[in-house]
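Visitor: The structure's right below; bear with me while I get my questions together.
The values are calculated or read from the model by the stated rules, or taken from the named source; none is laboratory data. None of the values given here were measured: they were computed from a predicted structure. Neighbour counts run over all protein chains shown; Cβ positions are idealised from the backbone, glycine included.
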Amino acid sequence: MRQLQQRVETQQQVGESLITQTAVRLLVPFVQLFGLYVIVHGHYSPGGGFQGGVLLGSSFIMLGLAYDQKTVLRLMSERTNILFGNLGALIFTGVGALCAIFGGLFLDYSALDVLIPLGPIEWRSFGIFLVEVGVGLAVMSIMASLFWDLGSAGQMDEGL
Amino acid sequence: MKALALLATLVTGAILLYGTMDFPAWGDPQAPAAGRLSTHYIENAIDETHVPNLVTAVLGDYRGYDTMFETVVIYCAGTVVISVLRRTRKENPEQDS
Amino acid sequence: MDGTLGIIVAKYNYWIYVILMMIGFYAMIGKRNLVKKLIGMNIFQTAIILMFVSSGVKHGAQIPILNKYEVIKHGVDATGVVNPLPHVLMLTAIVVSVSITGVALAILLRIYRQYGTLEEDEILEKLG
């Protein structure tokens, strides 16, 4: 009980209020799940890489607003974040380059049919999915790092 | 100076308002923008990509170059923001450039 | 639907976008504060995005998400589906506008750190 009291007190030092922090802590997993859903379900409903990436990034922005910036950086360090951004851009260009390597045009996904024989049309659908995942990762990373850098003026300590 | 800015704004707005007279009516199915290319997308996108969401199909497949350089643009924006703003902790914030 | 009333009904959305664009344009060239200029640029971009999206509208058409099996079996009538091309272009334009805003805010922060102000004429004075 005393431990809990202590934890609550230290948390209240870094952020605004207990209600906001608890609500954000409960909400963040669902926001991230919804972001993944929007990316993956972009073929069949409104959505796609850009929108889902913004949702994923906004979950980190929410954490940064309710808690301290240090708390967010403990969960997702700056290095990991930039790695995700690089990975996203690399997935997109890499898929395009793979298509060219396997004998098609650049970004013509049906050329990847020699890799796993799904049929050229299904490969187009699957190639769009791969590309959307790359876009989502890149957008998530850039949104989070924009907020972190602008909110703390490049110091990465306290944040807003 | 402000009067000049207002004048320039009003002249530009008047020219654009005059230009809207040649625009197609709102919601016109026969408008030039609904012409050849978008008709091709709507009719053939599902046969060619098996993606029911036409916006995703056009974004990811037909206009893949556009989206790829889009990603590169936001990647560059993130890199620029980090390189302009980021300061290492050892530096004294008072003495910055 | 003819005469003046017909023209107003057919064109009023473009007029609204032109007025929105004028607001943004005036903020860009008439204001002295750099943050206000940036907000004006955002309003300008919003007007352009709205104009492009409204150019894809067709009366009585459905959204561009179709039933896959029905389309493969029967085909689709192009006049019954909203034009998807402006949506794609504006989807990318929105993301570009967000990244432009981010870069501009970073540069503004740097300018404030250097000169201690965001007013245009004061910065010009300090530049000498």
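Visitor: Quick one: in the stretch B:60-71, of everything that is within 14 Å of A:Tyr109 (Cβ to Cβ) and crowded, with 18+ Cβ neighbours inside 10 Å, which residue is farthest from the other protein chains (Cβ to nearest Cβ)? Walk me through how you get there before you give the answer.
Guide: Within the stretch B:60-71, the first condition is being within 14 Å of A:Tyr109 (Cβ to Cβ), and the residues that meet it are B:60-65, B:67-68.
Now restrict to residues that are crowded, with 18+ Cβ neighbours inside 10 Å: B:60-64, B:67-68.
Numbers: B:Gly60: 3, B:Asp61: 6, B:Tyr62: 9, B:Arg63: 6, B:Gly64: 4, B:Thr67: 7, B:Met68: 5 Å.
The residue in question is B:Tyr62.
Visitor: For the stretch A:104-143, give me the residue count where each residue is assigned to a helix (DSSP H, G or I) and more than 15 Å from the chain's Cα centre (by Cα). Steps first, answer last, please.
Guide: Residues of the stretch A:104-143 assigned to a helix (DSSP H, G or I): A:109-114, A:120-143.
From the residues that got through so far, the ones that are more than 15 Å from the chain's Cα centre (by Cα) too are A:109-114, A:120-129.
The total comes to 16.
Visitor: Out of all the residues in the stretch C:1-23, which are aliphatic (A, V, I, L, M) and either assigned to a helix (DSSP H, G or I) or surrounded by 16 or more Cβ atoms within 10 Å (Cβ to Cβ) (or both)? Steps first, answer last, please.
Guide: Initial filter on the stretch C:1-23 (aliphatic (A, V, I, L, M)): C:1, C:5, C:7-10, C:16, C:18-23.
Hits for the stretch C:1-23 are C:Leu5, C:Ile7, C:Ile8, C:Val9, C:Ala10, C:Ile16, C:Val18, C:Ile19, C:Leu20, C:Met21, C:Met22, C:Ile23.
Visitor: Same structure again: Would you confirm, using the coordinates I've provided, whether A:Gly64 is surrounded by 20 or more Cβ atoms within 10 Å (Cβ to Cβ), at positive phi and in contact with a helix residue (DSSP H, G or I) (Cβ under 6 Å, 6 or more places away or on another chain)? I'd like the intermediate steps shown before the answer.
Guide: Numbers: surrounded by 20 or more Cβ atoms within 10 Å (Cβ to Cβ): yes; at positive phi: no; in contact with a helix residue (DSSP H, G or I) (Cβ under 6 Å, 6 or more places away or on another chain): yes.
No: the conditions fail for A:Gly64.
Visitor: Just give me the residues in the stretch A:121-160 being free of Cβ contacts under 8 Å to residues at least 40 places away in the same chain and farther than 23 Å from A:Ser45 by Cα, in sequence order. Walk me through it before giving the result.
Guide: The first filter runs over the stretch A:121-160 and keeps only residues free of Cβ contacts under 8 Å to residues at least 40 places away in the same chain, leaving A:121-124, A:126-127, A:130, A:146, A:149-150, A:153-155.
Correct list: A:Leu146, A:Asp149, A:Leu150, A:Ala153, A:Gly154, A:Gln155.
Visitor: If I ask for residues that are under 15 Å from A:Pro120 (Cα atoms) and surrounded by fewer than 23 Cβ atoms within 10 Å (Cβ to Cβ), which ones from the stretch B:45-59 would you list?
Guide: Taking the stretch B:45-59 as the starting set, the residues that turn out to be under 15 Å from A:Pro120 (Cα atoms) are B:45-51, B:57.
Answer for the stretch B:45-59, where residues must be under 15 Å from A:Pro120 (Cα atoms) and surrounded by fewer than 23 Cβ atoms within 10 Å (Cβ to Cβ): B:Asp47, B:Glu48, B:His50.
Visitor: In the stretch C:60-90, how many residues are in a helix (DSSP H, G or I) and at pLDDT below 90?
Guide: The initial filter retains those residues of the stretch C:60-90 that are in a helix (DSSP H, G or I), namely C:68-74, C:78-80, C:85-90.
This time we only want the ones that are at pLDDT below 90, so: C:68-74, C:78-80.
Number satisfying all stated conditions: 10.
Visitor: Answer yes or no as to whether A:Ser58 is under 27 Å from C:Lys68 (Cα atoms), more than 9 Å from chain B (Cβ to nearest Cβ), of a type in the set (S, T, N, Q) and in a helix (DSSP H, G or I). First the steps, then the outcome.
Guide: Working: under 27 Å from C:Lys68 (Cα atoms): no; more than 9 Å from chain B (Cβ to nearest Cβ): yes; of a type in the set (S, T, N, Q): yes; in a helix (DSSP H, G or I): yes.
In short, no.
Visitor: C:Tyr112: farther than 30 Å from B:Arg86 by Cα and either within 9 Å of chain B (Cβ to nearest Cβ) or in a helix (DSSP H, G or I) (or both), yes or no?
Guide: Details: farther than 30 Å from B:Arg86 by Cα: no; either within 9 Å of chain B (Cβ to nearest Cβ) or in a helix (DSSP H, G or I) (or both): yes.
Answer is no for this residue.
Visitor: Return a yes/no flag: does the stretch C:24-33 have any residue that is touching a residue at least 24 places away in the same chain (Cβ under 8 Å) and buried (at least 16 other Cβ atoms within 10 Å of the Cβ). Walk me through how you get there before you give the answer.
Guide: Here is the first cut: in the stretch C:24-33, the residues touching a residue at least 24 places away in the same chain (Cβ under 8 Å) are C:32-33.
With the extra rule that they be buried (at least 16 other Cβ atoms within 10 Å of the Cβ), the set shrinks to none.
No, the conditions are met nowhere in the stretch C:24-33.
Visitor: Would you point out which residue out of A:Gly134, A:Gly104 is facing chain B (nearest Cβ under 9 Å) and either among the small types (Gly, Ala, Ser) or on the phi > 0 side of the Ramachandran plot (or both)? Walk me through how you get there before you give the answer.
Guide: Values: A:Gly104 fails: facing chain B (nearest Cβ under 9 Å).
Within the list A:Gly134, A:Gly104, the selection yields A:Gly134.
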